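Worksheet: the structure to be examined is printed underneath.
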Amino acid sequence: MIRHLVIASVATLALAGPAAAYIAQNGLQVRAESGGSFLVVGSPGQGPGDSWCAAGDYVMAMGLAPTTRIWRLSEPPRRQGEGVRFGLSPEGAASKTGLFILGSEDASLSAIHARTLCRKDPPIND
């Protein structure tokens, strides 16, 4: 039941279009996509931790529990200018997170773990 609500929430945001993109606390833009996935839009200097930060911030801003699992869907490494696709289901998940994590068994993190990767002072882009 909760999974259906989550997918419905993400789908609603996707239908709203780019104007409804979420701006994460690190300044990265997150766009909902169909099927419950979402994209952290690529930007200069964006590292794997920045992408995960934005994903965790987005999921928690949707009102989901901090323990909600997030899976990376696009296979690392990210090419320059490319965004990173995430989802709330392991279907179509990448083989790894793109982060160095001891004991990691899949390409997922909890929303709160992802959000802890946010820097306190994001870089200023002129």
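Annotations for the structure displayed:
- Cα gyration tensor shape for the range 21-93, rounded if a/c is under 1.5, else prolate or oblate: oblate
- Per the Debye formula on identical point scatterers at the alpha carbon atoms of the range 47-126, with no solvent, log10 I(q)/I(0) at q = 0.10, 0.17, 0.21, 0.23 Å⁻¹ is -0.22, -0.63, -0.95, -1.12.
- Radius 11 Å from Cβ of G35, net charge of other residues (Lys, Arg +1; Asp, Glu -1): -1
- Local net charge near S104, Cβ-Cβ under 13 Å (Lys/Arg +1, Asp/Glu -1): +1
- Averaging Cα coordinates gives a centre for the range 24-50 and one for the range 68-118; these two points are 11 Å apart.
Read-outs: derived from the displayed coordinates by stated rules, not from any lab. Remember, it's a predicted structure, so these values are computed and weren't measured experimentally. When we count neighbours, we look across all protein chains shown, and the Cβ atoms used for this are built from the backbone with ideal geometry, even at glycine.
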